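A.B. asks: First, the structure itself, so that you have it in front of you.
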Amino acid sequence: MQETEQGRRYIVVDDFLSPQDFAAAQDLMTNTAFTLRESVISPEDGPAHRSRGARFRHDLGLPDTPRQPGVYEELARTVRAYAHFFGEAGADWDRISFAFWKYPAGSRLGWHNDAGLGRQGEFILFLHDKWRPSWGGELKLVDEDPLPATEAENAEKDLVLRMEARIARSRTSPVAIVPRPNRLVMVKADTVHTISRVDHTAGDALRRTLTGFVAKSPVRARTRESALESLSALLTAD
């Protein structure tokens, strides 16, 4: 495991898992059920295969918690270790979600930013055996803190067009990260990014990933606020 690249809004870690753990993560993916789904970003993207999602509390991976698949626990430990990037567990985020994805030749995911829903960031772990750069499927992102939205951008209902307008105003060019096997990429929330279309030369090869979000539960936040309001009412009652 070695951190090989870091930008303002992303970190790349290569050889993330040991060979044994990488094989176990691949086996876990192989034995997982998938559903072919159309893109929620743009109908031009083409469909991709998605597993059922899994969500865990922030204490996943700690010694006193129930055992989970090794790759989940290793990712949870890594997210906690990168507190300078994702924030502090429990305070800034309290859940981690996981889902496997398989992108076939011809599919992509349009420009978007994964903002809102309490998200602090996300991670992408590439689980295919090999990937040729000419097969496409790069993760492209704008390594720049978000600029204030213009009136025109706020009025634009199409997400991709709204993101493209932000890119047009950007002071930098998008960074392309090749989906190298056993490469982990961590990305801050509200980072404009896309998955490039997988080229037809990939043939039957699938772009395989374990993807997850690190987020603050809005439900828990509302519960705490309600509890504080109730306590305040009791303290101020006649």
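The values are calculated or read from the model by the stated rules, or taken from the named source; none is laboratory data. Please read these numbers as outputs of a predicted model, since none were measured by experiment. Glycine also receives a Cβ, built like all others from the backbone with ideal geometry; neighbour counts cover every protein chain displayed. We work out accessible area using only protein heavy atoms, side chains counted, and drop any ligands, DNA or RNA first. Shrake-Rupley method; radii C 1.70, N 1.55, O 1.52, S 1.80 Å.
A.B. asks: Here's a check for you: in the stretch 29-77, which residue that is of a type in the set (A, V, I, L, M) and open to solvent by less than 20 Å² (accessible area, probe 1.4 Å) is modelled with the lowest pLDDT? Give the derivation first.
C.D. replies: Residues of the stretch 29-77 that are of a type in the set (A, V, I, L, M), as a first pass: 29, 33, 36, 40-41, 48, 54, 60, 62, 71, 75-76.
With open to solvent by less than 20 Å² (accessible area, probe 1.4 Å) added as a condition, the list becomes 29, 48, 60, 71, 75-76.
On the way: MET29: 97, ALA48: 98, LEU60: 84, VAL71: 96, LEU75: 96, ALA76: 95.
Looking at the filtered set, the residue picked out is LEU60.
A.B. asks: Give me the pairs, please: first residue somewhere in the stretch 28-53 and under 28 Å from LEU161 (Cα atoms), second residue anywhere and open to solvent by 40 Å² or more (accessible area, probe 1.4 Å) and modelled with pLDDT under 95, beta-carbon distance under 7 Å, and either six or more positions apart or on two chains.
C.D. replies: Pairs found: ILE41/LEU159.
A.B. asks: Only strands (runs of 3 or more DSSP E) wholly contained in the stretch 1-60 count here; list those with 2 or more residues that are among the aliphatic types (A, V, I, L, M) and under 21 Å from TRP111 (Cα atoms). Spell out how you get there, then give the answer.
C.D. replies: Values: elements: 2-6, 10-14, 34-37, 48-51, 54-57.
Passing ranges, in order: 10-14.
A.B. asks: Right, here's the next one. Restricting attention to the stretch 141-155, which residues are open to solvent by 70 Å² or more (accessible area, probe 1.4 Å) and not hydrophobic (A, V, I, L, M, F, W, C)?
C.D. replies: First pass over the stretch 141-155, keeping only residues open to solvent by 70 Å² or more (accessible area, probe 1.4 Å): 148, 151-152, 154-155.
Of everything in the stretch 141-155, those that are open to solvent by 70 Å² or more (accessible area, probe 1.4 Å) and not hydrophobic (A, V, I, L, M, F, W, C) turn out to be PRO148, GLU151, ASN154.
A.B. asks: Tell me which residues, restricted to the stretch 100-133, are small (Gly, Ala, Ser), surrounded by fewer than 17 Cβ atoms within 10 Å (Cβ to Cβ) and at pLDDT 95 or above.
C.D. replies: If we filter the stretch 100-133 for residues that are small (Gly, Ala, Ser), which is where we start, we get 105-107, 110, 115-116, 118, 121.
With the extra rule that they be surrounded by fewer than 17 Cβ atoms within 10 Å (Cβ to Cβ), the set shrinks to 106, 115-116.
Hit for the stretch 100-133 is GLY106, nothing else.
A.B. asks: Also, quick follow-up: Touching a Pro at 6+ places or on another chain (Cβ under 7 Å) and not small (Gly, Ala, Ser): does that describe GLU138?
C.D. replies: Working: touching a Pro at 6+ places or on another chain (Cβ under 7 Å): yes; not small (Gly, Ala, Ser): yes.
So GLU138 passes the test.
A.B. asks: Can you confirm whether ASP21 is acidic (Asp, Glu) and either in contact (Cβ under 8 Å) with a residue 60 or more places away in the chain or crowded, with 17+ Cβ neighbours inside 10 Å (or both)?
C.D. replies: Working: acidic (Asp, Glu): yes; either in contact (Cβ under 8 Å) with a residue 60 or more places away in the chain or crowded, with 17+ Cβ neighbours inside 10 Å (or both): no.
No.
A.B. asks: Identify, by number, the condition in (1) of a type outside the set (A, V, I, L, M); (2) within 28 Å of HIS49 (Cα to Cα); (3) open to solvent by 10 Å² or more (accessible area, probe 1.4 Å) that ARG80 doesn't meet.
C.D. replies: (2)
A.B. asks: Looking at this structure, is ALA33 out of contact with any helix residue (DSSP H, G or I) (no Cβ under 6 Å at 6 or more places or on another chain) and not charged (D, E, K, R)? Write out each step before concluding.
C.D. replies: Numbers: out of contact with any helix residue (DSSP H, G or I) (no Cβ under 6 Å at 6 or more places or on another chain): yes; not charged (D, E, K, R): yes.
Yes; evaluated as a whole, the condition is true for this residue.
A.B. asks: Considering (1) farther than 25 Å from THR32 by Cα; (2) small (Gly, Ala, Ser); (3) surrounded by 13 or more Cβ atoms within 10 Å (Cβ to Cβ), say which one GLY137 fails and leave the rest.
C.D. replies: The one condition GLY137 does not meet is (1).
A.B. asks: Given (1) open to solvent by less than 40 Å² (accessible area, probe 1.4 Å); (2) in contact with a strand residue (DSSP E or B) (Cβ under 7 Å, 6 or more places away or on another chain); (3) of a type outside the set (D, E, K, R); (4) over 23 Å from VAL178 (Cα atoms), where does GLY90 come up short, assuming only one miss?
C.D. replies: GLY90 satisfies every listed condition except (2).
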